[in-house]
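Q: Quick one: structure below, then a few questions.
The values are calculated or read from the model by the stated rules, or taken from the named source; none is laboratory data. From a predicted model like this one, the values you see are computed outputs, not experimental measurements. Because the Cβ atoms are built from the backbone with ideal geometry, glycine has one as well, and the counts that use them run over all protein chains shown. Surface accessibility is based on the protein's heavy atoms, side chains included, excluding ligands, DNA and RNA. Shrake-Rupley method; radii C 1.70, N 1.55, O 1.52, S 1.80 Å.
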Amino acid sequence: MDWSASLQGLVGGIFIGLSAVWLMATMGRIAGISGIVGNLVTRRPPGDSAWRATFVLGLISGPLLLMAFGGGLGNVEGRPGAVVGEPLGGVSLMLVAGLLVGLGTGLGSGCTSGHGVCGLARLSKRSMAATGVFLVSAIVTVFVVRHIWEIGV
Amino acid sequence: MNAAAMRTVMGYIAGLLFGLGLALAGMTDPARVVGFLDIAGAWDPTLMFVLGGAVVTTFIGYRLVFRRTRPLFDEAFQLPTRRDLDAKLLGGAALFGIGWGLSGYCPGPAIASVGGMTPPLAAMLIAMVAGWFVARRYAG
């Protein structure tokens, strides 16, 4: 096991937790990305859009700042010029995946952050169930795609 | 500054902490995420540490925060009140899991990766927003 990657994962996770606590302490909101951004683009609740927009700006600037000033900190090191790892598939696969992610988190009222972090921390039964279902469904999907169809995504 | 202006600043800081966390953890790298989901392959446990660190931090932090009667810059805590399990919740979670497994992107990392935009990522983001519109229309 790669202990360095695991430790950096733990530190990154603590940052994510601090973000969730910060959002609850200052604004009383759940730090669920699909809810924060989904409502920004589909509903625009009156008087409630500005912080959602600045949240998105912060979310995008985090990885950029780490690449610019992080000096190789974290699990993104060693990819000069790239903030992110390469997408694993082409445009058509990502269109299908994106639609499923949007539809699924919209219908299911949350994603890995809203259900998987904030919901589990609140010991919410709905979030526990949702997190269990999307983890199993994702694991089965990867198993089918990689080991049964062997299309190597 | 008034409360609304403070909320825009607090929102940025929350987003920044989240984006830094995702990048530090390596969650903006889809290969690492799929490596975690691929339990029959060369399993990468990093995501377990990320989730663990985030959930434990939030669990402790929420308990401190909820000692107050209201948040610092808003009127009330806005917490989900539903307790029931229904087909929409579980079906939605199942669809999300398929999309997550196919791409290695859940919504946070997909949006946090905008700074490294590629055509497949743009396709992912556009389709994800379309999915939110469809879900909102279908689900009311």
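Q: Could you tell me whether any residue of the range B:72-79 is surrounded by 14 or more Cβ atoms within 10 Å (Cβ to Cβ), within 7 Å of chain A (Cβ to nearest Cβ) and more than 21 Å from A:Ala31 (Cα to Cα)?
A: For the range B:72-79, residues surrounded by 14 or more Cβ atoms within 10 Å (Cβ to Cβ), within 7 Å of chain A (Cβ to nearest Cβ) and more than 21 Å from A:Ala31 (Cα to Cα): absent.
Q: What's the total number of residues in the range B:33-46 that are without any contact (Cβ under 8 Å) to a residue 24 or more places away in the chain, closer than 17 Å to B:Cys106 by Cβ and facing chain A (nearest Cβ under 7 Å)? Show your work before the answer.
A: Narrowing the range B:33-46 to residues without any contact (Cβ under 8 Å) to a residue 24 or more places away in the chain: B:35-36, B:38-46.
Still in the running and closer than 17 Å to B:Cys106 by Cβ: B:35-36, B:38, B:44, B:46.
If we keep only those that are facing chain A (nearest Cβ under 7 Å) too, we end up with B:38, B:46.
Qualifying residue count, the range B:33-46: 2.
Q: Additional query: Would you check which residues across the range B:28-38 are part of a loop (DSSP other than H, G, I, E, B) and modelled with pLDDT of 95 or more and list them?
A: B:Asp38
Q: If you check A:Ala97, A:Ala53, A:Ala138, which single one turns out to be among the small types (Gly, Ala, Ser), closer than 26 Å to A:Trp22 by Cα and either out of contact with any Gly (no Cβ under 9 Å at 6 or more places or on another chain) or at pLDDT 95 or above (or both)? Don't jump to the end; show me each part of the working.
A: On the way: A:Ala97 fails: closer than 26 Å to A:Trp22 by Cα; A:Ala138 fails: closer than 26 Å to A:Trp22 by Cα.
Residue meeting the stated conditions: A:Ala53.
Q: Right, here's the next one. Considering A:Val101, A:Val83, which residue is farther than 22 Å from A:Val145 by Cβ, facing chain B (nearest Cβ under 8 Å) and crowded, with 21+ Cβ neighbours inside 10 Å?
A: Numbers: A:Val101 fails: farther than 22 Å from A:Val145 by Cβ.
Testing whether each residue is farther than 22 Å from A:Val145 by Cβ, facing chain B (nearest Cβ under 8 Å) and crowded, with 21+ Cβ neighbours inside 10 Å leaves just A:Val83.
Q: Looking at the range A:18-40, which of its residues are open to solvent by 10 Å² or more (accessible area, probe 1.4 Å) and over 13 Å from the mean Cα position of the chain (by Cα)?
A: A:Leu18, A:Val21, A:Trp22, A:Ala25, A:Arg29, A:Ile30, A:Asn39, A:Leu40
Q: Same structure, new question: Output the qualifying pairs, or none if there are none: Cβ atoms under 7 angstrom, residues six or more apart or on different chains, first residue in the range B:81-96 and touching a residue at least 40 places away in the same chain (Cβ under 8 Å), second residue exposed (fewer than 15 other Cβ atoms within 10 Å of the Cβ).
A: From residues that are touching a residue at least 40 places away in the same chain (Cβ under 8 Å), the pairs are B:Lys88/B:Ala139.
Q: Farther than 20 Å from A:Gly9 by Cα and either outside any helix (DSSP H, G or I) or at the interface with chain B (Cβ under 7 Å from one of its Cβ atoms) (or both), is that true of A:Val144?
A: no
Q: Among the residues in the range A:47-66, are any open to solvent by 60 Å² or more (accessible area, probe 1.4 Å) and closer than 28 Å to B:Ala40 by Cβ?
A: No, the range A:47-66 contains no residue that is open to solvent by 60 Å² or more (accessible area, probe 1.4 Å) and closer than 28 Å to B:Ala40 by Cβ.
Q: Considering B:Gly11, B:Gly19, which residue is within 15 Å of A:Gly74 (Cα to Cα) and either facing another protein chain (nearest Cβ under 7 Å) or touching a residue at least 24 places away in the same chain (Cβ under 8 Å) (or both)? Steps first, please.
A: Values: B:Gly11 fails: within 15 Å of A:Gly74 (Cα to Cα).
Testing whether each residue is within 15 Å of A:Gly74 (Cα to Cα) and either facing another protein chain (nearest Cβ under 7 Å) or touching a residue at least 24 places away in the same chain (Cβ under 8 Å) (or both) leaves just B:Gly19.
Q: If B:Ala14 passes every condition in (1) surrounded by fewer than 24 Cβ atoms within 10 Å (Cβ to Cβ); (2) more than 21 Å from B:Gly104 (Cα to Cα) but one, which one does it miss?
A: (1)
Q: Separate question: Here is a check on your reading of the model: is A:Val117 surrounded by fewer than 24 Cβ atoms within 10 Å (Cβ to Cβ) and within 7 Å of chain B (Cβ to nearest Cβ)?
A: Answer is no for this residue.
Q: Mind telling me which of the residues A:Leu123, A:Leu88, A:Leu73 ends up being under 27 Å from B:Asp84 (Cβ atoms), of a type outside the set (D, E, K, R) and open to solvent by 10 Å² or more (accessible area, probe 1.4 Å)?
A: On the way: A:Leu88 fails: under 27 Å from B:Asp84 (Cβ atoms); A:Leu73 fails: under 27 Å from B:Asp84 (Cβ atoms).
Selected residue: A:Leu123, the only one of A:Leu123, A:Leu88, A:Leu73 that is under 27 Å from B:Asp84 (Cβ atoms), of a type outside the set (D, E, K, R) and open to solvent by 10 Å² or more (accessible area, probe 1.4 Å).
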